[in-house]
Amino acid sequence: GHDLAEAFANAAYGLFSIMADLGRVQEKESRQIELKEDDTEALLFEWLNYLLYVFDVEMLLLKRFDIESFDGSGLKATCYGEKYDPSRHRLKTGVKSATYHMMKVDRENNRVQVILDV
């Protein structure tokens with residue numbers, strides 16, 4: 001990404017694109033998310049797992065992630081998508097969680113790497 005905030009948004013998009021075909025997902029609903037952690041790695045872990053929680057509890061497929069503020073240990077974001085509708089949406093791979101295993105936050109090149117437990 002251009003910055004770490006964009007890398008976090010891209011990681012979230014990547015997460016949901018593994019779980020479902022996002023081409024038919026519309027931006028009908030939004031969720032405000034605010035997280036604070038001890039460091040950037042913990043924030044990335046919590047960000048992705050919180051998004052999974054939103055999907056698990058609300059069946060909300062998210063496809064756009066606008067990160068309004070990001071300081072490395074905290075973020076505020078608005079996420080857009082819609083509830084899963086089996087007549088229109090195709091689920092692909094179930095993801096259980098993001099893990100710390102081999103997680104990388106490259107602050108110089110604004111990249112993140114996360115291994116997902118499926």
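Structure notes:
- Gaussian network model of the chain, springs between alpha carbon atoms under 10 Å - residue of L61, L44, L91 with greatest fluctuation: L91
- Look at (i) 0.94; (ii) 1.00; (iii) 1.28: the one that is Cα Rg over 2.2 N^0.38 Å derived from this structure is (ii).
Every read-out reported here was derived from the displayed coordinates using simple, explicitly stated rules and does not represent laboratory data. If you're wondering where the values come from, they're calculated on a predicted model, not measured in any experiment.
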